[in-house]
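Okay, so here's the structure we're looking at.
Read-outs throughout are calculated quantities, based only on the coordinates presented, and are distinct from any laboratory measurement. On a predicted model such as this, the values are computed, not experimentally measured, just so you know.
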Amino acid sequence: MNVQKVVGVLVAILVIFWIVSSPNTAAGTVNGVLASLGNAGDSLITFLRGVAP
């Protein structure tokens, strides 16, 4: 089996274990990541509006 596949499966197992063992922390982390992505998108849009005439 490919090393990349093994690492991928191990990461997936760890993520599932983390979600099952600590769902509130996992949900908070996902919400934080999505909020950060939203802020980055807003910043990019603001920048592009400033650059475009």
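In the set (i) -0.98, -1.00; (ii) -0.90, -0.96; (iii) -0.82, -0.85, which value of log10 I(q)/I(0) by the Debye sum over Cα atoms at q = 0.22, 0.23 Å⁻¹ was calculated from the structure you see?
Recomputing log10 I(q)/I(0) by the Debye sum over Cα atoms at q = 0.22, 0.23 Å⁻¹ here gives the entry labelled (iii).
If you fit an axis through the alpha-carbon atoms of helix 23-51 and take the longest principal axis of the Cα set of the chain, what angle between them do you get, 0 to 90°, nearest 10?
For helix 23-51, the angle is close to 30 degrees.
Output the 0 to 90 degree angle, nearest 10, between the alpha-carbon long axis of helix 3-21 and the longest principal axis computed from the alpha carbons of the chain.
90 degrees
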